[in-house]
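Structure first, then comments.
The values are calculated or read from the model by the stated rules, or taken from the named source; none is laboratory data. Note that the coordinates shown come from a computational prediction; the quantities given were computed from them, not determined experimentally. Backbone-built Cβ (ideal geometry, glycine too); neighbour counts: all protein chains shown.
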Amino acid sequence: MYRQLKQELIDYSKEIGIDKIGFAAADPFLELKQKLVQQQELGYASGFEEKDIEKRVNPALLIDQPRSIIAIALAYPSKLEGAPTGKKGERRGLFCRASWGEDYHAILRKKLALMEEFLQKKLSDVQCKSMVDTGELSDRAVAERAGIGWSAKNCAIITPEFGSYVYLGEMLTNVPFEPDTPMESQCGSCRKCIDACPTSALVQGGQLNSQRCIAYLTQTKDFLPEQFRKHLGNRLYGCDTCQTVCPENKGKHVLIHDEMTPDPEQVKPLLEPLLSISNKEFKERFGSMSGSWRGKKPIQRNAIIALAHFKEESSLPALMHVLFEDPRPVMRGTAAYAIGKIGGMEAEHALKRALIHEKESDVLAEIEKAIQTFHSVL
């Protein structure tokens, strides 16, 4: 009966637009537990994860008598058609591919909810618990066990069909589905992702120091540590470097789901207008994207750093307005950094004026460093 139900569920998953589906046993993830403990001990965790490691590795703590886990994957596009070109005076930032289109959390949750309804119609005593990204279980560990793809050196799941350009989700259930066979890693001796990581966040194949990862750093709300600012480039949210250099991703591009179609002006926006965008405007323009989940503050801070990266002189008035008028110390301090990087007599005068009026110690430190940077450039 369960073998037939499995096939029916596979068929149904295709009907509702799920690109890959796999089944795994609900046994504890013992090997993962060792890795998670090590990550915490080394200080490599991001802090966004479920804090309780036992919940992350033991499905029995999430529902009564779990018997299997259903993993799903939806492919997302890797190319931006009609991308606007940034130029002097009109510099642009970039949201990573995983933030293009509608928030993937909502898309996958809808698919999983339909699957839950399907099982509930078939079985009267079925239990289900679905998760996408923010749940207790590790999406990648489940997907690997379920044969969706292999766990790669860049800490992503790579599928033969779509590369690593897939969103992952899973459903824990008490239905004893027969598990599928995991895939063997096909990374071999390749280490392109490790070598290309801008901040050396990939400590080794399959191990990530999240505290150094640009994808994580773009989501923080405090001052970005100075050692990482030069590596940010024009990234506003996320980082795709370890994906774009992967040979398994070469030529992988699909646009299967209309809701994942990227809006070029949304995912590659002009930088300077972001500095003065209101909360309402931000939600209206970017609220449907997964990259908006932390609010406008990290995006604005990153936009300021991107303007520093471009040394965009035309943005000095806007940056000075932030330096003198923005109520948030992180914005004022980061603006001081950018003004120092851009340089010029006008920038020097602005920084010296700010040094007189500023009260926050962290901002004062940024202003002083910016003035020193300015003089070192001269």
Among the residues of segment 24-50, what is the count of those that are of a type in the set (A, V, I, L, M, F, W, C) and crowded, with 16+ Cβ neighbours inside 10 Å?
7
Do the conditions hold for Arg56, that is, is it at pLDDT 95 or above, of a type in the set (D, E, K, R) and crowded, with 18+ Cβ neighbours inside 10 Å?
yes
Which of the residues that make up segment 237-255 are over 11 Å from the mean Cα position of the chain (by Cα), of a type outside the set (Asp, Glu) and surrounded by 19 or more Cβ atoms within 10 Å (Cβ to Cβ)?
Thr241, Cys242, Gln243, Cys246, Asn249, Lys252
Using the structure shown, decide if Arg301 is basic (Lys, Arg), in a loop (DSSP other than H, G, I, E, B), in contact (Cβ under 8 Å) with a residue 60 or more places away in the chain and assigned by TED's automatic domain parsing to the domain that holds Leu236.
no
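Just for segment 156-170: of the residues that are in contact with a Cys (Cβ under 9 Å, 6 or more places away or on another chain) and among the aliphatic types (A, V, I, L, M), which one is surrounded by the fewest Cβ atoms within 10 Å (Cβ to Cβ)?
Only one residue fits best here, namely Ala156.
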Going through segment 171-192 in order, the residues found to be surrounded by 24 or more Cβ atoms within 10 Å (Cβ to Cβ) and within 26 Å of Thr241 (Cα to Cα) are none
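Would you be able to say whether some residue in segment 255-273 is in a helix (DSSP H, G or I), more than 19 Å from Gly101 (Cα to Cα), in contact with a helix residue (DSSP H, G or I) (Cβ under 8 Å, 6 or more places away or on another chain) and at pLDDT 95 or above?
Within segment 255-273 (the criterion being in a helix (DSSP H, G or I), more than 19 Å from Gly101 (Cα to Cα), in contact with a helix residue (DSSP H, G or I) (Cβ under 8 Å, 6 or more places away or on another chain) and at pLDDT 95 or above), the answer is yes, since at least one residue qualifies.
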